[in-house]
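What follows is one structure encoded as structure tokens, with my remarks underneath.
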Amino acid sequence: MKTFGKKSTGARLERIKASPLWDGDRFRNQYPIAPGLRNPDTSMPSILDFICGGERRVPVAPLPSMNPLESWRHKPDSGLRATWLGHSTVLIEIDGLRVLTDPVWGQRASPSRIAGPKRFQPVPVALKAMPPVDLIVISHDHYDHLDYFTIKALAKSDVPFVTSLGVGAHLEAFGIAPERITELDWWETYTLPNTGLTVTAAPSQHFSGRGIKDRNTTLWSSLVIKSEKHSVFFSGDTGLTGQYEEIKNRLGPFDLIMLEVGAFHPAWGDIHLGPENAMKAHALLGGGAFLPVHWGTFNLAMHAWDAPAEALFLHAEKSNIPLIMPQLGQAVEPIQTELVKPWWRAVDTAELPKSETEKGDQNAESPLPKSMPWPLD
């Protein structure tokens, strides 16, 4: 399937093997798993748990959202503005430039159009209606961060891409010209030509792969986006790692910190933050306006769809964390943060009877391709 992407070969593979993060046959996390990140009393969920477990995993109605096009016509007063478009897709406007993170407009976080986690929340603006962007950054190659159909559409533009080592092979397979792709190892920096904008790849605690035979053959990264006046941290996907303190010391401070908070599980604490560990990560990074991402779009774990938002809202209020929780499509400037309103509570979460189609999907013999990695993101 074309959606799986392509393996690295030639000079790209040699560069991968030269990375200090490469361990003979694959990339490996460098920081020891902190005690307590994996609950010893909780077993790893099965595929059956993923398909049938948990309650209220999908809202019964679309989440409230805004069309950001009018806001985007006017430059941000502060020079820095972020618009959450769903999951980990954010349009960052930073001192006259636009940077798009992990763009996913596809309907499923899967190599298949008919199976795998389906989007339950539409993107608030069509891809073809997006304003021109100056740079696209992609943290790693999982399907909810690297979408074949979105990249194929973006291949028609000339925007450059910055991503982690090895992911460029997928981008090329999806139609992106090689000269538009820059791949970074941790602590390497890319400078957008003729601007003062830089992107630095930094550590994260995760994994990679788009099938069962390519596990950890591409790198995963967090990304720091800097202009001459502002700095933004984007976590990609990660578990809690003490390397965040090193990131703060080497690349901080940050005006905006975007951390993943959804798709968490007691057995996945080393690869996904979840709300509680996201707040710890925020502290390690030195604080700053906190925009949670990686929630409210795909059903990727057994928790309720709004659990990340609710937990963050309650804990951040007690901890006095400068939390930003805009509706989808709402353009916000970190310097102008207001008191968070729990807008997600207005969504009707009462269970509705399953349609015959949904029942059929659940009873399908093979709802996910056999070559899907696990966990899915």
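Just so you know, all these numbers are worked out from the coordinates, no wet-lab data involved. All values reported here derive from a predicted model rather than from experimental measurement. Because the Cβ atoms are built from the backbone with ideal geometry, glycine has one as well, and the counts that use them run over all protein chains shown.
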Legend entry - Calculated FRET value between N67 and D25, using beta carbons and R₀ = 45 Å, to 0.05: 0.45
Inset, instruction - Order these peptides, 89-98, 102-111, 287-296, by their mean beta-carbon neighbour count within 10 angstrom, highest first. - result: 287-296, 102-111, 89-98
Inset, instruction - Could you compute the FRET efficiency for I212 and D77, with r as their C-beta to C-beta distance and R0 at 45 Å, rounded to 0.05? - result: 0.35
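With only Lys, Arg, Asp and Glu charged, each at its Cβ (+1 for the first two, -1 for the last two), find how big the charge dipole of the stretch 93-177 is about the Cα centre; round to the nearest 20 debye.
Dipole magnitude for the stretch 93-177 comes out near 500 debye.
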Inset, instruction - Could you calculate the contour length gain from K7 to A304, that is, 0.36 nm times the residue separation minus the distance between their Cα atoms, to one decimal place in nm? - result: 103.4 nm
Inset, instruction - Kindly state, to the nearest 0.05, the FRET efficiency for W343 paired with E14, given R0 = 35 Å and r defined as their beta-carbon distance. - result: 0.10
Inset, instruction - Calculate one ³J(HN,Hα) per residue across the stretch 217-228 by plugging θ = phi - 60° into the Karplus curve 6.51 cos²θ - 1.76 cosθ + 1.60, and present them in order as whole Hz with x for glycine and proline. - result: 8, 10, 8, 10, 8, 8, 9, 10, 10, 10, 10, 5
Legend entry - Rough spin-label spacing in nm, given labels placed 7 Å along Cα→Cβ, for K280 and A115: 3.7
Legend entry - For the chain, with +1 on Lys and Arg beta carbons and -1 on Asp and Glu, the positive-most of V162, L91, S222 along the dipole: V162
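Quick one: work out the % antiparallel among DSSP beta bridges in the chain, nearest 5. Write down the numbers at each step before the final one.
Details: 28 of 48 bridges.
Looking only at bridges with both residues in the chain, the antiparallel portion is about 60 percent.
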Inset, instruction - Pull up the cross-link candidates among the lysines for K75, meaning alpha carbon to alpha carbon under 23 Å and not fewer than 8 places away within one chain. - result: K128, K226, K229
Legend entry - Derived scalar couplings ³J(HN,Hα) [the stretch 326-341; Karplus, 6.51 cos²θ - 1.76 cosθ + 1.60; whole Hz; x for Gly, Pro]: x, 5, 4, x, 8, 7, 10, 9, x, 6, 10, 5, 10, 4, 5, 10
Inset, instruction - Name the long-range amide H neighbours of L291: under 5 Å, sequence gap of 5 or more, or other chain; modelled H, no Pro or chain starts. - result: I257, M258, L259, I324
Legend entry - Mean residue ellipticity (222 nm) of the chain, computed from DSSP H runs ≥ 4 via -39,500 (n - 2.57), nearest 500: -5500 deg cm²/dmol
Legend entry - Distance from the stretch 152-217 to the stretch 281-318 (C-alpha centre basis), Å: 26
Inset, instruction - Taking H placed 1.01 Å from N in the peptide plane, check which residues at least 5 places from G269 or on another chain put their amide H under 5 Å from its amide H. - result: N39
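Which of rounded, prolate or oblate describes the stretch 170-312 when judged by the alpha-carbon gyration tensor and an a/c cut-off of 1.5? Please report the intermediate quantities before stating the final value.
Details: a/c = 1.82, a/b = 1.17, b/c = 1.56.
Judged from the Cα gyration tensor, the stretch 170-312 comes out oblate (a/c at least 1.5, b/c at or above a/b).
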Legend entry - Correct choice for log10 I(q)/I(0) by the Debye sum over Cα atoms at q = 0.07, 0.08, 0.10, 0.13 Å⁻¹ that was computed from the model, options (i) -0.45, -0.57, -0.83, -1.13; (ii) -0.27, -0.36, -0.58, -1.05; (iii) -0.37, -0.47, -0.71, -1.11: (ii)
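Multiply the residue separation of K318 and T189 by 0.36 nm, subtract the distance between their alpha-carbon atoms, and state the gained length in nm to one decimal. Can you show the working numbers first?
On the way: separation 129, 0.36 × 129 = 46.44 nm, distance 3.67 nm.
Fully extending the segment from K318 to T189 adds 42.8 nm.
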